[in-house]
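> I have a structure here, written as structure tokens, and I will follow up with some questions on it.
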Amino acid sequence: MLERIRDSLLPYKGDLIFRAPLFTTLDNTSHFLELISYIAYNLKIGQSQVYITSARFNSQYQLLVSISIF
């Protein structure tokens, strides 16, 4: 039982790569709020369970987003 509780506290971590995003700056947080909402809706979890841990553009202008899902 304790192992099951411990495992549920560890997030699933992953990276999303967007090859051609429609924006080129990270100033507008509405894009990320929409992404959180989309992920939560499709996984049927609460939005508070989805965290964007980092977002950046690489040298090819691809958007790299790291997320954690609890």
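> Can you tell me which residue in segment 48-70 is nearest to Leu9 (Cα to Cα), limited to those that are loosely packed, with under 13 Cβ neighbours inside 10 Å and under 11 Å from the mean Cα position of the chain (by Cα)?
Here is the first cut: in segment 48-70, the ones loosely packed, with under 13 Cβ neighbours inside 10 Å are 48, 53-54, 56, 58-61.
Next, from what is left, pick out any that are under 11 Å from the mean Cα position of the chain (by Cα): 53-54.
On the way: Thr53: 16, Ser54: 20 Å.
Filtering first and then ranking leaves Thr53.
> Quickly run through segment 25-37 and pick out the residues that are surrounded by 12 or more Cβ atoms within 10 Å (Cβ to Cβ) and either in contact (Cβ under 8 Å) with a residue 60 or more places away in the chain or not in a loop (DSSP other than H, G, I, E, B) (or both).
Going residue by residue through segment 25-37, those that are surrounded by 12 or more Cβ atoms within 10 Å (Cβ to Cβ) are 26, 31-33, 35-37.
Those that are surrounded by 12 or more Cβ atoms within 10 Å (Cβ to Cβ) and either in contact (Cβ under 8 Å) with a residue 60 or more places away in the chain or not in a loop (DSSP other than H, G, I, E, B) (or both): His31, Phe32, Leu33, Leu35, Ile36, Ser37.
> Can you name every residue in segment 25-46 that is closer than 20 Å to Gln60 by Cβ and of a type in the set (S, T, N, Q)?
Answer for segment 25-46, where residues must be closer than 20 Å to Gln60 by Cβ and of a type in the set (S, T, N, Q): just Thr25.
> Which residues, taken from segment 8-24, are closer than 23 Å to Ser59 by Cα and open to solvent by less than 70 Å² (accessible area, probe 1.4 Å)?
Residues satisfying the conditions are Gly14, Leu16, Pro21, Phe23.
The values are calculated or read from the model by the stated rules, or taken from the named source; none is laboratory data. Just so we're clear, the structure is a prediction, and the values are computed from it rather than from any experiment. For neighbour counting, all protein chains shown are included, and Cβ atoms are generated from backbone atoms with ideal geometry for every residue, glycine included. Ligands, DNA and RNA are stripped out before the accessible areas are found, and what is left, the full protein with its side chains, is counted by its heavy atoms. Shrake-Rupley method; radii C 1.70, N 1.55, O 1.52, S 1.80 Å.
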